[in-house]
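FYI, it's all coordinate maths here, none of it is from the lab. Computed from a predicted structure; not experimentally measured. Here the Cβ is made from the backbone with ideal geometry for all residues, glycine too, and neighbour counts use every protein chain on show.
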Amino acid sequence: MNKKKSYSINFHGTFLPDLVNISRLLEIADSYDYLSKEEIFELTGIPTGESTGKVEPHIKYAKYMALIDFNKESYKEYDKDEGKERSVSKYLLKKTLLGEKVFFEDGYLQEDISKLLCHYFLTSKFFGAKMWFEIFRKLPTYLGNEISGEYLNIEINKIFNLKKDTKLGAFNGTYSNDASLSSLNLLTIQQGEDRSSRFNTYIFNKHYYNEEFLFVYIYTLLKELLCIDDTRKEFTTDEIFNEIMWNRAFVWDVDQAMEILNIFEDKGLIKINKQLSPITIIINTSEDELLNKLYSMLM
């Protein structure tokens, strides 16, 4: 198990999540014992350096996307150049069940269905990166789907108790760079007067329901509800809309999300009990069943 450490919102080191690098990590996960970042570079070509580099941020991105788990351990190694022992951090990378499925179906993470899964878990309350969750799911619930960079920075500073603005380049690049998740068109960032994020405008774009993604929608819902309580099959709409904010990952309001839940009921995946307040849903399927069907609707 990883030792609990204080969370850094700048874990990414200003690097955006490059899906090619994440696919390279998936390719070597499960195949090796503990590896240093230099050894991972040798196997994957993901650049690294003495103090900075893309290996460690991408391990964390892959973790936040629910594609891998990892253990990090420190080892003593003899450095011939310095003539003394030095401490080296090494990683043991393991695919999750979702990571195995995604890698099997779409090893290079080129399909939008894979990217939508990556986006969902990256912005998840329980799985994801905290800043991605706050900006993408939480802030729009009370600031709306169009937010000025100034307000966004003010809120982020409050949430994380920051004395100065954090750099949002990695977050921005996630949804604007072709190497990452831009093809999903979930966020438009209108550039302001200068390079400061305070002058940007963030416009969150609704994801339009796609029948081919049916099992992604229900899988993500169930996967995160089980983090609330994995012994239950019945959950309230308050838990769905206000706690995990499932709908906000797709930029759906409550009415739109209820339409999707009705589709799930029509497909026999859930049962909706509208007699209770709040409304409850009863899950009629399992995580394993949905995982196996994730890509089954693709034409």
For residue 68, distant residues with modelled amide H under 5 Å away: 63, 96
Rounded to whole Hz, the Karplus (6.51, -1.76, 1.60) HN-Hα couplings of the range 166-177, x for glycine and proline: 7, 7, 9, x, 5, 5, 4, x, 3, 10, 10, 9
Listed peptides 63-70, 175-182 by packing density, highest first (mean Cβ within 10 Å): 63-70, 175-182
Value of [θ]222 nm, deg cm²/dmol, for the chain, DSSP H segments ≥ 4, -39500 (n - 2.57) each, nearest 500: -10500 deg cm²/dmol
Which of 137, 86 has the fewest Cβ neighbours within 10 Å, and the rest in rising order: 86, 137
Summed residue charge, Cβ within 14 Å of residue 107's Cβ, Lys/Arg positive, Asp/Glu negative: -2
Spin-label zone in the range 269-291 - amide nitrogen under 19 Å from a point set 7 Å from the Cα of residue 232 along the C-beta vector: 270-287
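So for each of 153-165, 263-275 I average, over its residues, the number of other beta carbons within 10 Å; can you give me the resulting order with the highest mean first?
The most tightly packed comes first, giving 263-275, 153-165.
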J(HN,Hα) series, the range 119-127, from Karplus relation 6.51 cos²θ - 1.76 cosθ + 1.60, nearest Hz, glycine and proline x: 4, 4, 6, 4, 9, 6, 5, 8, 9
Label-zone membership for the range 15-32, site residue 110, 7 angstrom Cα→C-beta point, backbone N under 20 Å: 18-28
Residues 232, 24, sorted so that the one with the fewest Cβ neighbours within 10 Å comes first: 232, 24
Residues 136, 11, 104, sorted so that the one with the fewest Cβ neighbours within 10 Å comes first: 104, 11, 136
